[in-house]
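Notes to accompany the following structure.
The values are calculated or read from the model by the stated rules, or taken from the named source; none is laboratory data. Everything numeric in this text was worked out from a predicted model, so none of it was measured. A quick note on method: Cβ atoms are made from the backbone with ideal geometry, for glycine too, and the neighbour counts reach across all protein chains shown. In case anyone asks, the SASA skips ligands and DNA or RNA and just uses the protein heavy atoms, side chains included. Shrake-Rupley method; radii C 1.70, N 1.55, O 1.52, S 1.80 Å.
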Amino acid sequence: ASGVGSVDTETQQGGSGAVHSPGNTGHRPDAQMLLRAIWLLGTAVMAVYLLAVNGRMYLKLRGERRCVEIVGVDLRVYLVDTLPSPCLFGLFRPSIYISTAALEDEERTRMVVLHEQMHYRHGDHIWTLLRCVLLCVYWFNLFVWIAAYLSRSDAELACDESCVKALGDDRRLDYGRALVDMLDSRTGHAGMFRAATTMSGGKR
């Protein structure tokens, strides 16, 4: 009995020693926690970048815009001389911003404004922001970047289709010619993170 008690005591002491051993894996950095920290850091960086890009755009538009009166348009329309492409910008009170080139011809102005109105009717100013948020959260996933790019392209194609339907199919080429010079040729992450419906894509 004393022998058994001695073994039990040694076992308990050995077990206790194993629990408090300096080499225990409990003292190693948790890989899951490390990955989570990296993800959170990346998300925070992307969120700051998103705010910086759109904050800069907001200040630019607010500082340079001039109101333009266009009959039959419910949304507010502003002229910004240095704007590279007409766009719809704003979440709760979106406005249409047009460039000087868009005012060179009355017919072009009408089609440009119609294009941005269609974006508003499709809710693209909301979808654009949602894409930006998803890119911030899933910044590590290449497929999310591809999906965001394709979604942006689809939004432009759907907008063009609605415009042609409203104008009539016989005006398709006129519409295309009116907007082809309005395209925003800028590329890169900044374009993907602008919460505005800038005209993008190829001329074709």
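Considering all projection directions equally, how large on average is the shadow of the alpha-carbon convex hull of region 77-152, in square nanometres?
On the way: hull surface 23.0 nm².
Answer in nm², one decimal: 5.8.
Relative to the present Cα-Cα distance, how much length would full extension add between ASP169 and VAL71 at 0.36 nm per residue of separation? Can you show the working numbers first?
Working: separation 98, 0.36 × 98 = 35.28 nm, distance 2.37 nm.
Using 0.36 nm per residue and subtracting the Cα-Cα distance, I get 32.9 nm.
What is the sum of charges, Lys and Arg at +1 and Asp and Glu at -1, for the other residues whose Cβ falls under 15 Å from the Cβ of ASP154? Numbers along the way, then the final one.
Numbers: positive: ARG131, ARG152; negative: ASP124, GLU156, ASP160, GLU161.
Once positives and negatives cancel, what remains is -2.
If you roll a 1.4 Å probe over the heavy atoms of the protein chains, what accessible area per residue do you get for region 41-106, in Å²?
On the way: 3990 Å² over 66 residues.
Roughly 60 Å² per residue, with all protein chains present.
Restrict the search to region 47-96; then list the chymotrypsin sites (Phe, Trp or Tyr not before Pro) that DSSP places in a loop and that have at most 11 other Cβ atoms within 10 Å of their Cβ. Present the calculation step by step, with values, prior to reporting the outcome.
Working: sites: TYR49, TYR58, TYR78, PHE89, PHE92; in loops: PHE92.
Filter output for region 47-96: PHE92.
Per q in 0.13, 0.23, 0.24, 0.25 Å⁻¹, report the Debye log10 I(q)/I(0) for region 121-188, using one uniform scatterer on each alpha carbon and no solvent.
Taking Cα atoms of region 121-188 as identical point scatterers yields -0.48, -1.05, -1.09, -1.13.
Select from region 77-151 those GluC sites (Glu not before Pro) which occupy a DSSP coil region and have at most 14 other Cβ atoms within 10 Å, ordered by residue number. Show your work: numbers first, answer last.
Working: sites: GLU104, GLU106, GLU107, GLU116; in loops: GLU104.
For GluC sites (Glu not before Pro) across region 77-151 that sit outside H, G, I, E and B with at most 14 neighbouring Cβ atoms in 10 Å, the list reads GLU104.
How high is the FRET efficiency between GLU107 and LEU59 when r is their beta carbon distance and R₀ equals 35 Å, given to the nearest 0.05? Mind showing how you got there, number by number?
Details: r = 32 Å, r/R0 = 0.92.
Plugging the Cβ-Cβ distance into 1/(1 + (r/R0)^6) gives 0.60.
Per Stokes-Einstein, at 4 °C and 1.567 mPa s, what whole-number D in µm² s⁻¹ belongs to region 48-204, with the Kirkwood radius over Cα pairs as the hydrodynamic radius? Before the final figure, lay out the partial values.
Working: Rh = 15.9 Å.
Rounded to a whole number, D works out at 81 µm²/s.
Length gain on complete extension for the stretch ALA158 to ASN141, per 0.36 nm per residue less the alpha carbon to alpha carbon distance?
Values: separation 17, 0.36 × 17 = 6.12 nm, distance 2.59 nm.
Taking 0.36 nm per residue and subtracting the Cα distance, the gain is 3.5 nm.
Sorting check: for 129-139, 33-43, which peptide has the highest mean count of neighbouring beta carbons within 10 Å, and how do the rest follow?
Working: 129-139: 17.1, 33-43: 11.7.
Packing order, densest peptide first, comes out as 129-139, 33-43.
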